[in-house]
Amino acid sequence: MADVQTPAIGIDLGTTNSCVAVVRNGRVEVIANDMGLRITPSCVAFTDEERLIGVAAKAQAVHNATNTIFDAKRLMGRKYDDGIVQKCIELWPFNVVESSSGDPRFRVEYKNETKDLSPEEISAMILGKMKTVAETYIGSPVKDAVVTVPAYFNDSQRQATMDAGKIAGLNIVSLLNEPTAAAIACGFNQKKNTKQNVMVFNFGDSTSDITILRIAGNDFEVIANSDEIYLGGRDIDERLVEHFIEEIKVKYNKDIKDNSKALSKLRTACERAKRSLSSSKKEPILVDSLFDGNDFKSSLNRDCLMKLCSDLYKKIMEPVDAVLKSAKMTVDDIDEIVLTGGSTRFPMQELLKKKFNMSKLNQSVNPNETVAHGAAIHAASKSGGKTIENIKFVDVTPLTLGINVLGNLMSRIIPRNSKLPAIKKKKFVTTVDYQTGVDIKVYEGERLSSDENNLLGEFSLENIQPAKKGISIIEVTFVVDNNGILTVTTEDAATGSNEEIVIRCNKGRLPKQEVERMVTEAKEFQKDEEKREKLAGALQEVKALIVKVKDLISELMNNDLENLELDNFSSVCTDTE
């Protein structure tokens with residue numbers, strides 16, 4: 001028997017595409033959107049009349065590039081001056097500006113007004129779309145959701161995702177790492193009780209990451225993560241675009257690199273051909289009216305793709321070696337490989353088959369749907385549904401945790417990939433004669449310099465026993481529990497003086513009043529769209545009525561009932577249409 005309460009849903013909030021799923025009667029159901037597609041582009045567009053989300057937004061992007069926002073996830077939890085933000089701005093056709101607080105904002109024109117929107121707001125719109133898709137399918141309002149995030153997301157990025165959920169009207173019961181979600185999906189399908197070492201290989205459009213888990217029944221233990229956040233399927237697409245730009249130069253003596261419309265058309269054709277090479281050895285590149293009315297015709301085969309992108313594919317495989325090393329494993333220790341992400345097709349499958357045994361590839365779930373599939377299972381487990389057995393999983397710290405020391409260096413206390421819960425202690429000495437206090441800054445990240453890592457919090461330890469530098473000993477203790485809550489304690493060994501700071505993974509990144517404002521605006525957007533839908537529905541009804549009246553008039557006139565008024569009425573109906 002199905003649970004009476006509205007089920008919690010699982011949402012894969014992707015950089016390029018998003019997906020939503022639900023568990024009902026013990027079965028996972030990936031939900032199709034209003035276009036009948038199970039994958040929705042993570043894309044939002046603004047026009048003089050309306051806001052568009054998903055398929056409709058992507059469809060008009062070529063003609064409305066400056067007001068069509070994509071890749072918003074890449075800016076979540078980042079400052080405007082972040083290197084990744086600046087790199088993205090160089091590539092995007094839309095405008096990104098700096099807010100008064102130093103955060104990035106997407107600047108768009110909507111209904112003849114300029115609006116600056118945060119990455120959280122854009123992500124909230126996509127989450128809201130997924131919520132609506134689920135509610136239409138389930139037939140009742142949805143409140144609770146598990147939302148997935150990349151394993152490498154830091155504290156700020158996770159908090160930003162929580163804020164986006166709140167703006168969208170969702171109660172995010174849990175943030176789930178994408179690789180863990182994928183492993184849950186495949187583990188749930190197979191329900192093996194023997195221990196298995198599973199590698200989750202995620203090659204998305206923007207990033208790639210690899211995770212090794214140990215699975216036994218419903219127990220999932222993350223062993224290690226590795227990633228390449230600057231490399232994904234789009235880098236392959238750009239390499240292909242560069243190749244064909246050069247070909248066009250030779251064939252037509254024309255450089256289209258500054259023609260954004262032509263580049264968008266060519267990029268779409270390259271992406272389509274790349275994906276098709278998963279099932280064919282050669283694909284045509286056909287673009288109608290690419291520039292100056294000229295059609296472009298060429299082709300792409302597997303050998304050419306490998307030759308053009310060999311260095312990129314080699315780089316993509318580097319995290320595989322890194323994660324094996326971190327897990328203290330070899331290729332022979334891996335029992336199964338789970339593929340996720342839209343780019344895990346040719347030639348990635350061929351490369352993995354060469355490195356691992358071919359039979360190890362698990363393709364039981366569509367790579368585009370695996371993460372949402374697992375998120376839905378976890379959502380059902382978290383919400384107390386009786387149709388899903390309780391899932392237990394042990395995660396690891398996604399990033400190294402430490403404190404700032406002399407010389408602006410980060411002293412590492414809890415290394416990346418440490419099993420949760422984790423506790424580590426480290427002793428430090430004073431660096432100034434007769435020092436009576438010390439400021440502690442807590443960071444997460446892998447860089448040597450503290451300033452290049454993410455600041456989590458700071459506090460002070462007072463009443464240190466005065467002594468020559470190097471004499472007083474301060475013990476720093478880091479404790480991270482299963483929920484990702486970090487507690488940092490410092491103590492002067494001589495006096496027993498101590499201080500503590502608790503850094504919670506669910507504290508808001510945006511000020512409360514900002515979130516409330518965004519929630520209000522999100523509701524206004526929703527009201528506008530509901531009005532447009534009602535108006536569109538009314539117009540359709542009027543048009544249908546006109547068609548019926550015209551048919552009736554036609555039938556009467558065919559019966560030789562000549563009537564001037566019928567002719568006039570028919571003319572009025574035609575004019576109204």
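The values are calculated or read from the model by the stated rules, or taken from the named source; none is laboratory data. Small disclaimer: the values here were computed from a predicted structure and weren't measured. Here the Cβ is made from the backbone with ideal geometry for all residues, glycine too, and neighbour counts use every protein chain on show.
Numbers at a glance
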item: Conditions (1) in contact with a Lys or Arg (Cβ under 9 Å, 6 or more places away or on another chain); (2) touching a residue at least 60 places away in the same chain (Cβ under 8 Å); number of the one not met by D333; result: (1)
item: Subset of the stretch 461-475 [within 27 Å of R416 (Cβ to Cβ) and touching a Gly at 6+ places or on another chain (Cβ under 9 Å)]; result: L461
item: Filter result for D311 (modelled with pLDDT under 90 and not small (G, A, S)); result: no
item: Residue that is surrounded by the most Cβ atoms within 10 Å (Cβ to Cβ) [pool: residues in the stretch 50-61 that are among the charged types (D, E, K, R) and over 15 Å from T15 (Cα atoms)]; result: R51
item: Selection from the stretch 36-49 of residues that are surrounded by fewer than 23 Cβ atoms within 10 Å (Cβ to Cβ) and of a type in the set (S, T, Y); result: T47
item: Number of positions in the stretch 152-197 that are in a strand (DSSP E or B) and surrounded by fewer than 24 Cβ atoms within 10 Å (Cβ to Cβ); result: 7
item: Failed item, numbered, when I89 is tested on (1) farther than 30 Å from D258 by Cα; (2) out of contact with any Asp or Glu (no Cβ under 6 Å at 6 or more places or on another chain); (3) among the aliphatic types (A, V, I, L, M); result: (1)
item: Single match in N17, N33 (criterion: within 19 Å of the chain's Cα centre (by Cα), buried (at least 20 other Cβ atoms within 10 Å of the Cβ), of a type outside the set (G, A, S) and more than 12 Å from A134 (Cα to Cα)); result: N17
item: Residue pairs meeting the criteria (Cβ under 9 Å; at least 6 apart or on separate chains; first among the aromatic types (F, W, Y), in the stretch 111-138; second modelled with pLDDT of 95 or more); result: Y137/V20; Y137/V22; Y137/E29; Y137/I31; Y137/A32
item: Strands (runs of 3 or more DSSP E) completely within the stretch 333-407 that count 1 or more residues being among the acidic types (D, E); result: 336-340
item: Selection from the stretch 95-110 of residues that are crowded, with 16+ Cβ neighbours inside 10 Å and farther than 24 Å from G83 by Cα; result: Y110
item: Selected residue (only one of T477, T487, T495, T520 is at pLDDT 75 or above, out of contact with any Cys (no Cβ under 8 Å at 6 or more places or on another chain), of a type in the set (S, T, Y) and under 27 Å from L176 (Cβ atoms)); result: T487
item: Single condition I126 does not satisfy, out of (1) touching a helix residue (DSSP H, G or I) at 6+ places or on another chain (Cβ under 6 Å); (2) modelled with pLDDT of 95 or more; (3) of a type in the set (A, V, I, L, M); result: (1)
item: Contacts under 6 angstrom Cβ, first residue in the stretch 65-79 being within 17 Å of N17 (Cβ to Cβ), partner outside any helix (DSSP H, G or I), 6 or more apart; result: T68/A45; I69/V44; I69/F94; I69/F106; F70/C43; D71/T15; K73/T15
item: Residue match in the stretch 414-436 (condition: aromatic (F, W, Y), closer than 29 Å to T211 by Cβ and not assigned by TED's automatic domain parsing to the domain that holds D227); result: no
item: Residue list for the stretch 428-458, restricted to those being touching a strand residue (DSSP E or B) at 6+ places or on another chain (Cβ under 9 Å) and either hydroxyl-bearing (S, T, Y) or in contact (Cβ under 8 Å) with a residue 60 or more places away in the chain (or both); result: T430, T431, I440, V442, Y443, E444, G445, S449, S450, N454, L456
item: Failed condition for K249, given (1) crowded, with 19+ Cβ neighbours inside 10 Å; (2) without any contact (Cβ under 8 Å) to a residue 24 or more places away in the chain; result: (1)
item: Hits in the stretch 336-362 (condition: touching a residue at least 12 places away in the same chain (Cβ under 8 Å) and among the basic types (K, R)); result: R345, K355, K360
item: Top-ranked residue in the stretch 111-151 [being small (G, A, S) and part of a helix (DSSP H, G or I); ranked as surrounded by the most Cβ atoms within 10 Å (Cβ to Cβ)]; result: A124
item: Number of the exception - E120 against (1) touching a helix residue (DSSP H, G or I) at 6+ places or on another chain (Cβ under 9 Å); (2) farther than 28 Å from H63 by Cα; (3) of a type in the set (D, E, K, R); result: (2)
item: Test: V222 is touching a residue at least 60 places away in the same chain (Cβ under 8 Å) and outside the structural domain of G445 (by TED's automatic domain parsing); result: yes
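Conditions tested, residue by residue: (1) within 30 Å of G457 (Cβ to Cβ); (2) surrounded by fewer than 17 Cβ atoms within 10 Å (Cβ to Cβ); (3) modelled with pLDDT of 85 or more.
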position: M348; (1), (2), (3): no, no, yes
position: L352; (1), (2), (3): no, no, yes
position: M358; (1), (2), (3): no, yes, no
position: P367; (1), (2), (3): no, no, yes
position: I377; (1), (2), (3): no, no, yes
position: P398; (1), (2), (3): yes, no, yes
position: N404; (1), (2), (3): yes, no, yes
position: M410; (1), (2), (3): yes, no, yes
position: P415; (1), (2), (3): yes, yes, yes
